[in-house]
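A short reminder: the numbers here are calculations on the coordinates, not readings from a lab. Keep in mind it's a predicted model, so treat the numbers as computed, not measured. Here the Cβ positions follow ideal geometry from the backbone for every residue, glycine too, while neighbour counts run over all protein chains shown.
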Amino acid sequence: MRKRPAITLLEILIVIAITAILLALLIPAIQRIREASARTQSMNNLKQIILAAHNYATANQGDLPYYHPDITVTFPDAPNVFVSILPYCGDNFATFVSPADPSPRGVSPVFGLSSYAANAQVFVGEPHMNRTFRDGMSNTIAFAEHYSLCGSAEFSAGCPVTNGGLRRSTFADDIDVFPVTSGNPPVSSSINDDPDELNITFQVAPRLQDCNPWYAQTPHRGGMLIALADGSVRILSPRVSPATYWGLITPAGDEVLGGDW
C-alpha cells in the first residue's frame, strides 16, 4: 500500500499566502459594506427629521420649529427644534443618532446627543414654510451631519444650557461661523476671525481631536449628508466652493448657486 505523500512546508506557505491575500481583499469589502449601510441608515434618519419638520409645519399653520435668537436662552425656557419635532419622529431619540458618528457614546447622561444639526439661519426666529425660503426650499440646507461630541462641545437634541460644553445642535449659528451676503449679484461668504479658515465649508471625516464645533462635519469621506428644506436628502460634495456652500445655508440671500454641489 502506497503512503500518501505528506504536505510540504512550501505547500503550507502557499496556502497561508493565498489565505492572507483573500482576507486582504475581503476585509476592505466588508468595511465598504458597513460604511454603505451606515450611510443609508443616516440618510434615512435625515429623511425622517426633515419630514418631521414638515409635519410640524402642517400641524402649526405653516410655522416651522424654531430656536430662540439668543443662544443663551434654550430649552426648557425656549423652543428647541429637535424637541419640537420629536413627537413627529415617533418620540424616538435614536433617529437623532447616526451609526457612522465616531463620537463616544453615553457622554451626556441626561440629554440625548444628536449627530445632526439644524441650520440656524433657517430655524432661528420665526421661520415659516411660505415666507422663509425666498431662495427656494430645494436650494436651502435645513439639516446636516454633525459629530455629537466635537472638541469640548456636546451637541444635544434637548440642550438646556450653553455653558459646561453642552449646547444646542445647530450650525451656522451666531456664536459659530455664519454667512454674510453682499455684492451685486449677491455672494455669501463666512464670517470668521481666523484668516486661515476663511475657505472652510464643512469638515470631511476629521479625527475627533481635530473636530471644530464651529462647523458641520461628516464622517463620510465621499461628502456630507444633508436634508434640503424641500424634504429631499442628498450627499453634498466635499469639493463644493465656499460661495455655493454658504449660499445653500442662507434661505433668502438671492445668490446664484454654482453647479459644484
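For Ala252 and Ser152 in the same chain, what is the full-extension length gain: residue separation times 0.36 nm, less their Cα-Cα distance, in nm?
Difference between extended and current length: 32.8 nm.
Provide the gained length on full extension for the span Arg207 to Asp91, in nm with one decimal, where the gain is 0.36 nm per separating residue minus the Cα-Cα distance.
38.6 nm
Calculate the all-directions average of the projected area of the stretch 118-160's alpha-carbon convex hull, and give it in nm².
Directional mean of the projected Cα hull area for the stretch 118-160 stands at 4.0 nm².
For the stretch 223-238, in order, what is each residue's ³J(HN,Hα) by Karplus, 6.51 cos²θ - 1.76 cosθ + 1.60 with θ = phi - 60°, in whole Hz (x at glycine and Pro)?
3J(HN,Hα) across the stretch 223-238, in whole Hz: x, 8, 7, 9, 10, 7, 5, 7, x, 8, 10, 8, 9, 8, 4, x.
At a Förster distance of 22 Å, what's the computed FRET efficiency of Asp63 paired with Asp174, Cβ-Cβ distance as r, to 0.05?
0.55
Roughly how many nanometres apart are two label points built 7 Å out from the Cα toward the Cβ at Ser232 and Ala20?
Rounded to a tenth, the inter-label distance reads 4.9 nm.
Mean-square fluctuation check for the chain, GNM, Cα pairs under 10 Å: which of Ala24, Ala94, Ala205 is largest?
Most flexible of the set in this elastic network: Ala24.
At a 10 angstrom cut-off on C-beta neighbours, averaged per residue, how do the peptides 34-46, 223-235, 130-142 rank from highest to lowest?
223-235, 130-142, 34-46
GNM on the chain, C-alpha springs below 10 Å: top fluctuator among Ser114, Ser169, Ser152?
Ser152
Report, in degrees rounded to the nearest 10, the 0 to 90 angle that the Cα long axis of helix 9-59 makes with the longest principal axis of the chain.
20 degrees
Express the C-alpha Rg of the chain as a ratio against the empirical globular expectation 2.2 N^0.38 Å, rounded to two decimals.
1.25
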